[in-house]
Ligand SMILES: [Zn+2]
């Protein structure tokens, strides 16, 4: 199924949603990934916490560009940020601004430049997450899942994906 490319990945928003901690979505259907791949993806997700703010921000920018081009999806963050349609390159302003720091780890969102307002695996609790926390605790993007915001300078943010 993978064909060398990362599928759309999602985490269960509730324990009843899926039995694995992370699964693939294909044409709206859930697919189990198998224990080895799940373990590898979970380990990959934890590594983002070690990156500097600037590097973490660059990783998200690269994921978005791969998504826009529709090819070369590589890792767990690519999969979680994917939706059925590739990103079309657009973004739009929002009046709702994120806090200055990640709800879950306290990392500066202003420094990273990207934030996900999204559902977590903790009983559908929503959080403003830095991309590293999203990689571990996020469930994915989309209506009812989460939205990706990018900093537009100063205290302004724009919505890039997930609506
Ligand atoms: Zn965080």
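The values are calculated or read from the model by the stated rules, or taken from the named source; none is laboratory data. What you are looking at is a predicted structure, and each value in this text was computed from that prediction instead of being measured. Quick reminder, even Gly has a Cβ in these numbers, built from the backbone with ideal geometry, and neighbours come from all protein chains shown.
Some values worked out for this structure:
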| item | result |
| --- | --- |
| Hey, residue 60 at pLDDT 95 or above and surrounded by 19 or more Cβ atoms within 10 Å (Cβ to Cβ) or not | yes |
| Of all residues making up region 20-60, the number that are within 19 Å of residue 133 (Cα to Cα) and touching a residue at least 12 places away in the same chain (Cβ under 8 Å) | 19 |
| Number of positions in region 56-86 that are away from the ligand (no atom under 16 Å from the Cβ) and either under 22 Å from residue 127 (Cα atoms) or assigned to a loop (DSSP other than H, G, I, E, B) (or both) | 17 |
| Residue within region 152-160 that is closer than 22 Å to residue 86 by Cβ, part of a helix (DSSP H, G or I) and either away from the ligand (no atom under 14 Å from the Cβ) or at pLDDT 95 or above (or both) present | no |
| Filtered residues of region 128-144 (kept if assigned to a loop (DSSP other than H, G, I, E, B) and more than 9 Å from the ligand (Cβ to nearest atom)) | 139, 140, 141, 143, 144 |
| Close pairs (6 angstrom Cβ cut-off, 6 or more residues apart or separate chains): closer than 12 Å to residue 54 by Cβ in region 100-118, in a strand (DSSP E or B) and more than 10 Å from the ligand (Cβ to nearest atom) anywhere | 113/151; 114/150 |
| Flag for residue 103 being part of a loop (DSSP other than H, G, I, E, B), crowded, with 17+ Cβ neighbours inside 10 Å and out of contact with any helix residue (DSSP H, G or I) (no Cβ under 7 Å at 6 or more places or on another chain) | yes |
| All positions within region 21-40 that are part of a loop (DSSP other than H, G, I, E, B) and buried (at least 18 other Cβ atoms within 10 Å of the Cβ) | 22, 33 |
| Meets criteria (more than 14 Å from the ligand (Cβ to nearest atom), more than 13 Å from residue 13 (Cα to Cα) and within 13 Å of the chain's Cα centre (by Cα)) for residue 147 | yes |
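Yes/no matrix, rows are residues, columns are (1) under 17 Å from residue 46 (Cβ atoms); (2) within 15 Å of the chain's Cα centre (by Cα); (3) within 15 Å of the ligand (Cβ to nearest atom):
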| residue | (1), (2), (3) |
| --- | --- |
| 88 | no, no, no |
| 96 | no, no, no |
| 107 | yes, no, yes |
| 118 | no, yes, yes |
